[in-house]
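> Please find one structure pasted underneath; my questions will follow.
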Amino acid sequence: MKRLSKLVGGLSRNPNSVKYYVNTCSPQWIRVVAEVKKVRDESDIDIQKSQILQGTMGHEAVVIKIGDSLDMDREYATAQHVKTFKGFVKFFCFLTCDDDFREFFKGKRQTICKGPGNRMKVIIMPFFQLGSIAGFPWTSGNVSILRSCLYVACLCYIDAFKTNRFIHNDFHAANILLKQTKESKLSFSGGITTTLKSVRPWIVDFEKSSIGSTTSSTSKEYEDFRYDIAKLFYMLPTLVPQVDRSRILNVVTFFQNALDICSDESRRDLGSLIDANVNIAAT
């Protein structure tokens, strides 16, 4: 992406956010195209913690996440920790301003930020045209792409946990975005290489994520990680109704019983297991 130059008269950089590169994401360059979250009535707005907007920044299509909770700060900070790992969405920037994210549920706002301040927090991230695994039209003709994306996403998650004790804590199909790629292979630690099928997965949504504080994983960290990665497959038929439920629990059982999910042997076995048990249900 071409970085935008700093605008004279733009919003001030938050003094507590010196790593957030606010000068590359001035609100004056951002336009709202659509509101992603919908509400049925006014009372539903009050229970929302954030809003997701589709928009543009200059000539770039972007996703704009806005809110006022500390979860936004934690999400951006976590994204900075994992941005060097394969398969994690790289955010463009974080900024704060004077505005109310609750006003963005009525289809009337095309711009963000009424002025300088810290009442509303804003994260700008890339727009993924293919959407998520949960929203993609999977069929028996493209199920090999689904299997590949699930396997690659798991390998990326495992590498981040092994190296940085990263736990996503909300790992499911709607939080794995898809992007077309010209890459044919992707390599991981331990000499593991997997073939890409023209689409590559990218993990997103770090509001609930955590980073371990020591260089060695505690038993609780490992169990939380094991539960979270197994949840991807446990919830898969619910979020992707096309998936055949009859064999998917074999993958869940693998995560529950494996002595060490992060071992080279387990990671290789996982690829074969996904190929054998992730199928599209007959119609």
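The values are calculated or read from the model by the stated rules, or taken from the named source; none is laboratory data. Only a predicted model underlies this, so the values are computations on that prediction, with no experimental measurement involved. Positions of Cβ are generated from backbone atoms using ideal geometry, with glycine treated the same way; all protein chains shown enter the neighbour counts.
> Please verify whether segment 207-218 includes one or more residues that are surrounded by fewer than 18 Cβ atoms within 10 Å (Cβ to Cβ), among the charged types (D, E, K, R), touching a His at 6+ places or on another chain (Cβ under 9 Å) and assigned to a loop (DSSP other than H, G, I, E, B).
yes
> Can you pull out the residues in segment 152-182 that are within 17 Å of the chain's Cα centre (by Cα), of a type outside the set (S, T, N, Q) and surrounded by fewer than 18 Cβ atoms within 10 Å (Cβ to Cβ)?
Those that are within 17 Å of the chain's Cα centre (by Cα), of a type outside the set (S, T, N, Q) and surrounded by fewer than 18 Cβ atoms within 10 Å (Cβ to Cβ): D170, A174, K179.
> Let me ask another. Picking from S144, S132, which residue would you name as being more than 15 Å from F188 (Cβ to Cβ) and surrounded by fewer than 18 Cβ atoms within 10 Å (Cβ to Cβ)?
Exactly one of S144, S132 is more than 15 Å from F188 (Cβ to Cβ) and surrounded by fewer than 18 Cβ atoms within 10 Å (Cβ to Cβ), namely S144.
> May I ask you to verify whether V243 is over 30 Å from V122 (Cβ atoms), β-branched (V, I, T) and without any contact (Cβ under 8 Å) to a residue 40 or more places away in the chain?
On the way: over 30 Å from V122 (Cβ atoms): yes; β-branched (V, I, T): yes; without any contact (Cβ under 8 Å) to a residue 40 or more places away in the chain: no.
Against the criterion (over 30 Å from V122 (Cβ atoms), β-branched (V, I, T) and without any contact (Cβ under 8 Å) to a residue 40 or more places away in the chain), V243 does not qualify.
> Any chance segment 156-165 includes a residue that's within 19 Å of L273 (Cα to Cα) and without any contact (Cβ under 8 Å) to a residue 60 or more places away in the chain?
The answer is no; no qualifying residue exists.
> Being modelled with pLDDT of 95 or more, more than 17 Å from I158 (Cβ to Cβ), in the same structural domain as G271 (by TED's automatic domain parsing) and in contact with a Phe, Trp or Tyr (Cβ under 9 Å, 6 or more places away or on another chain): is that true of V252 here? It would help to see each step written out before you state the result.
Values: modelled with pLDDT of 95 or more: yes; more than 17 Å from I158 (Cβ to Cβ): no; in the same structural domain as G271 (by TED's automatic domain parsing): yes; in contact with a Phe, Trp or Tyr (Cβ under 9 Å, 6 or more places away or on another chain): yes.
In short, no.
> Also, I was wondering about something else. Hey, which of the strands (runs of 3 or more DSSP E) in segment 17-119, taking only ones fully inside, have at least 2 residues that are surrounded by 20 or more Cβ atoms within 10 Å (Cβ to Cβ)?
50-57, 60-67, 93-98
> Additional query: Would you mind finding the one in P237, P241 that is assigned to a loop (DSSP other than H, G, I, E, B), at pLDDT 95 or above and in the same structural domain as G190 (by TED's automatic domain parsing)?
Numbers: P237 fails: assigned to a loop (DSSP other than H, G, I, E, B).
Sole residue among the options that is assigned to a loop (DSSP other than H, G, I, E, B), at pLDDT 95 or above and in the same structural domain as G190 (by TED's automatic domain parsing): P241.
> Is it the case that K185 is basic (K, R), surrounded by fewer than 19 Cβ atoms within 10 Å (Cβ to Cβ) and in contact with a Lys or Arg (Cβ under 6 Å, 6 or more places away or on another chain)?
no
> With respect to Q129, is the statement that it is out of contact with any strand residue (DSSP E or B) (no Cβ under 6 Å at 6 or more places or on another chain) and under 16 Å from C25 (Cβ atoms) true? Before you say what the answer is, go through the steps one by one.
Details: out of contact with any strand residue (DSSP E or B) (no Cβ under 6 Å at 6 or more places or on another chain): yes; under 16 Å from C25 (Cβ atoms): no.
Here the answer is no, as Q129 does not meet what is asked.
> Additional query: Residues of segment 254-267 being surrounded by 14 or more Cβ atoms within 10 Å (Cβ to Cβ) and part of a helix (DSSP H, G or I), which ones? Give the derivation first.
Restricting attention to segment 254-267, the residues satisfying the condition of being surrounded by 14 or more Cβ atoms within 10 Å (Cβ to Cβ) are 254-255, 258, 261-263, 266-267.
Within segment 254-267, F254, F255, S266, R267 meet the criteria.
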